Amino acid sequence: MSEKLSPIEKIKTSSDGLRGTLKESLEDNYTGNVRPDDQTLVKFHGMYVQDDRDRRAERAEKKLDKLYSFMIRLRIPGGTITADQWLNLHETSEQYGTGTLKITTRQTVQLHGLLKHQLRPTIQSFNTAKLDAIAACGDVNRNVIVSSHPQVSALHGKIHAYAEKISTLLLPKTQAYYEVFIDGEKIYERSAEADPLYQDRYLPRKFKIGIAIPPSNDVDVFTNDIGLIAVIENNELKGFNIVAGGGLATTHGNPNTYARLGSILGFTDTEEKTLKAVYEILTIQRDYGNREDRKFSRLKYTIDKVSVEWFKEELERRIGFDLEPARAYTFTERSDRYGWEQSEDGKWYYTLFVEHGVVKPYQKEFLYKVAQLGISNFIFSANQNLIIGEVSESDKKVIEKLFLEYQIDLNISALRKNSMACVALPTCPLALAEAQRYLPELVTKLEPLLQRHQLQEEDIVIRMTGCPNGCGRPYVAEIGFVGTGPGQYNLMLGGDRYGTRLNKIYKEKVNETEILSVLDELFYKYKTEKNLNETFGDFANRELKLY
């Protein structure tokens, strides 16, 4: 282990199993924040400290502290919850925080605007519904995502179950979450918390796992630290192609940081081998990841430092068997399957469009009414939408009546349905520009351009983030925007439609006027010069010579 550790590393190792002084911080009444070291530790319990940046100047002028609040993100492997859990989520969000539910790009949901004194009761409320926020943030494996649409394969349920298995396998052993936020009782038998995976130092940085079920790549499998691609032959799950080293975060002005798609290491043909490979990839990252500079501590940098070949050899040494050669697979879709679709078992699933994951008040009321019926479950998608699932034929009409009552999913363009944005301002401390609040406006201005060029039915993937961290996965969009400053973005073009090619910067620091002008011209060229069945991303890549 390096002697020159980042300050975060020292906080982790001296934290007493992620406890730190969190109990004391929660009882401090002189600030809405927690103590400095606890701001790191609280992430491991699924929370971030935030403040309202729209009000910073006003409060500073009055010599007031920042308006601190917390975001809580749940751990929901595979993104599926019951109707009763949705009711709990609804009621908890009504009682604590801003009342807004935010669906994330990691198939879970988060609440914003919680005050410090609301953290314990919020967590305790979730706990009654068997929901938790353990390891939803921090330098550990985070929420495991998996293709959300049961219609993609008759084996969806079998593959979906891997999300829970992997999440459980990789959970930290410390009981600090329950001790600090739920029952308050100190656990004296700390020896029971021995953690052979995370030890006392955890991982060098956050870790993400996604499971794709071809033909769908709705999880953007190559952008994850570990990706599993299900290989299905003759309606039988043969195993998984193992992908490692994906990650999108960069830093403006630092050319040594970069987005990277994962490398395919090989194939595993049993559940035991797959779980063993996943586990040991984390141990390699734990042992070899950069703990000095967090900008270079993701698995992608570890793999590029040691080489893919060395990494695979070390993995095979640790797992005790050789990976088989990767098997063939094909991705033909990435977008969500909107509207009603029926699965192999005859159950119906309706995908509700939730713009950038922000559940609007009328949608929230509608979903509460659906949940009260107790005739469905709820599945979060990695595209920030929500599926009302497992609906019987006889119950389908009941939900359709509610559609009419609440005017659900009327007149939504293809571009809007394929849009994604991170939270950004006002709560994200890293945001340089707007995203979630601005992309809907920009799409409204782009829609007439598409109509003029008769492209309104094109499923063009468009994404925006307020900073280069890539939470909204803009680097694998056909049109990506990465915030560089107020009202300015790097315009990224040339990604493919199915998430298997990174885009590239076409123009830097463009404003709205420039964006509309550039895209108007490109839409015209695309309409008049594209090859047969050529997607916009492929056309831009070819026309602008971005490869």
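The values are calculated or read from the model by the stated rules, or taken from the named source; none is laboratory data. Quantities reported herein were computed from a predicted structural model and do not represent experimental measurements. Cβ placement follows ideal geometry from the backbone for every residue including glycine, while neighbour counts extend to all protein chains displayed.
Among the residues in region 266-278, are any assigned to a helix (DSSP H, G or I), in contact (Cβ under 8 Å) with a residue 60 or more places away in the chain and closer than 22 Å to N469 by Cα?
Looking through region 266-278, none of the residues is assigned to a helix (DSSP H, G or I), in contact (Cβ under 8 Å) with a residue 60 or more places away in the chain and closer than 22 Å to N469 by Cα.
For region 488-499, state whether one or more residues are out of contact with any His (no Cβ under 9 Å at 6 or more places or on another chain) and over 25 Å from F222 (Cα atoms).
Yes, some residue in region 488-499 is out of contact with any His (no Cβ under 9 Å at 6 or more places or on another chain) and over 25 Å from F222 (Cα atoms).
Are any residues in region 157-172 of a type outside the set (A, V, I, L, M) and either within 26 Å of P121 (Cβ to Cβ) or outside the structural domain of A277 (by TED's automatic domain parsing) (or both), and if so, which ones?
Answer for region 157-172, where residues must be of a type outside the set (A, V, I, L, M) and either within 26 Å of P121 (Cβ to Cβ) or outside the structural domain of A277 (by TED's automatic domain parsing) (or both): S167, P172.
Take the residues of region 399-410 that are in contact with a strand residue (DSSP E or B) (Cβ under 9 Å, 6 or more places away or on another chain) and among the hydrophobic types (A, V, I, L, M, F, W, C): which is nearest to E355 (Cα to Cα)?
At the first step, the residues of region 399-410 found to be in contact with a strand residue (DSSP E or B) (Cβ under 9 Å, 6 or more places away or on another chain) are 399-400, 403, 408-409.
Remaining after also requiring among the hydrophobic types (A, V, I, L, M, F, W, C): 399, 403, 408.
Values: I399: 21, F403: 17, I408: 12 Å.
The qualifying residue nearest to E355 (Cα to Cα) is I408.
Might you check whether a residue that is of a type in the set (F, W, Y), touching a Cys at 6+ places or on another chain (Cβ under 8 Å) and either in the same structural domain as A435 (by TED's automatic domain parsing) or surrounded by fewer than 22 Cβ atoms within 10 Å (Cβ to Cβ) (or both) occurs anywhere in region 48-70?
yes
Do you know which residues across region 18-34 are of a type in the set (S, T, Y) and closer than 18 Å to Q50 by Cα?
Passing the criteria: S25, Y30, T31.
Condition check ((1) over 13 Å from D409 (Cα atoms); (2) outside any helix (DSSP H, G or I); (3) not assigned by TED's automatic domain parsing to the domain that holds G472) across all residues:
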residue	(1), (2), (3)
F331	yes, yes, yes
S335	yes, yes, yes
G346	yes, yes, yes
T351	no, yes, yes
H356	yes, no, yes
Q363	no, no, yes
Y368	yes, no, yes
I375	yes, yes, yes
F378	yes, yes, yes
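Name the single residue, out of those in region 296-319 being in contact (Cβ under 8 Å) with a residue 12 or more places away in the chain and assigned to a loop (DSSP other than H, G, I, E, B), that is farthest from V243 (Cα to Cα).
Ranking the candidates gives S297 first.
If L410 passes every condition in (1) part of a loop (DSSP other than H, G, I, E, B); (2) touching a residue at least 24 places away in the same chain (Cβ under 8 Å) but one, which one does it miss?
(2)
Would you point out which residue out of P429, P448, P440 is part of a loop (DSSP other than H, G, I, E, B) and of a type outside the set (K, R)?
Unique residue meeting the criteria: P429.
Quick check on my filter: what residues within region 284-307 are closer than 20 Å to F222 by Cα and in contact with a helix residue (DSSP H, G or I) (Cβ under 7 Å, 6 or more places away or on another chain)?
I284, Q285, G289, L299, T302, I303, V306 - these are the residues of region 284-307 that are closer than 20 Å to F222 by Cα and in contact with a helix residue (DSSP H, G or I) (Cβ under 7 Å, 6 or more places away or on another chain).
Scan region 389-398 and tell me whether some residue there is outside the structural domain of Q456 (by TED's automatic domain parsing), in a strand (DSSP E or B) and on the phi < 0 side of the Ramachandran plot.
Yes: one or more hits.
Take D84 and decide whether it is out of contact with any Leu (no Cβ under 8 Å at 6 or more places or on another chain), under 22 Å from F181 (Cβ atoms), crowded, with 16+ Cβ neighbours inside 10 Å and among the acidic types (D, E).
No; evaluated as a whole, the condition is false for this residue.
Can you tell me which residues in region 500-527 are among the β-branched types (V, I, T) and in a helix (DSSP H, G or I)?
Correct list: T513, I515, V518.
Against the condition hydroxyl-bearing (S, T, Y), crowded, with 19+ Cβ neighbours inside 10 Å and part of a helix (DSSP H, G or I), how does T105 come out, does it pass?
Details: hydroxyl-bearing (S, T, Y): yes; crowded, with 19+ Cβ neighbours inside 10 Å: yes; part of a helix (DSSP H, G or I): no.
For T105, the condition - hydroxyl-bearing (S, T, Y), crowded, with 19+ Cβ neighbours inside 10 Å and part of a helix (DSSP H, G or I) - is not met.
Out of everything in region 478-537 that is of a type in the set (S, T, Y) and more than 23 Å from the chain's Cα centre (by Cα), what residue ends up being nearest to I229 (Cα to Cα)?
T535
Which pairs turn up if I take residues in region 205-221 that are under 17 Å from A161 (Cα atoms) and assigned by TED's automatic domain parsing to the domain that holds F267 and look for partners that are surrounded by fewer than 24 Cβ atoms within 10 Å (Cβ to Cβ) and small (G, A, S) with beta carbon separation below 6 Å, at least 6 apart in sequence or on another chain?
Close Cβ pairs (under 6 Å, with a partner that is surrounded by fewer than 24 Cβ atoms within 10 Å (Cβ to Cβ) and small (G, A, S)) amount to I213/S153.
Of the conditions (1) assigned to a helix (DSSP H, G or I); (2) closer than 30 Å to L386 by Cβ, M71 satisfies every one except a single condition; which number is it?
(1)
Can you tell me how many residues in region 240-262 are part of a strand (DSSP E or B) and either charged (D, E, K, R) or surrounded by fewer than 20 Cβ atoms within 10 Å (Cβ to Cβ) (or both)?
Number satisfying all stated conditions: 1.
Kindly establish whether V278 is crowded, with 23+ Cβ neighbours inside 10 Å, of a type in the set (A, V, I, L, M, F, W, C) and closer than 24 Å to V140 by Cβ.
The answer is yes for V278.
In this structure, is E458 farther than 20 Å from K507 by Cβ, free of Cβ contacts under 8 Å to residues at least 40 places away in the same chain and among the acidic types (D, E)?
Taking the combined requirement at face value, the residue does not satisfy it.
Return the residue satisfying two criteria in turn: it lies in region 108-156 and is among the basic types (K, R) and not in a helix (DSSP H, G or I), and of such residues it is surrounded by the most Cβ atoms within 10 Å (Cβ to Cβ).
Ranking the candidates gives R142 first.
Could you identify the single residue in R106, R142, R75, R120 that is over 29 Å from V278 (Cα atoms) and in contact (Cβ under 8 Å) with a residue 60 or more places away in the chain?
Of R106, R142, R75, R120, the one residue that is over 29 Å from V278 (Cα atoms) and in contact (Cβ under 8 Å) with a residue 60 or more places away in the chain is R120.
For S394, state whether it is surrounded by 15 or more Cβ atoms within 10 Å (Cβ to Cβ) and hydroxyl-bearing (S, T, Y).
no
Return the residue satisfying two criteria in turn: it lies in region 204-239 and is surrounded by fewer than 24 Cβ atoms within 10 Å (Cβ to Cβ) and part of a loop (DSSP other than H, G, I, E, B), and of such residues it is nearest to the chain's Cα centre (by Cα).
Among residues in region 204-239 that are surrounded by fewer than 24 Cβ atoms within 10 Å (Cβ to Cβ) and part of a loop (DSSP other than H, G, I, E, B), the one nearest to the chain's Cα centre (by Cα) is K208.
Suppose we keep only residues that are among the acidic types (D, E) and in contact (Cβ under 8 Å) with a residue 40 or more places away in the chain within region 510-528. Which one would you say is surrounded by the fewest Cβ atoms within 10 Å (Cβ to Cβ)?
The residue in question is E512.
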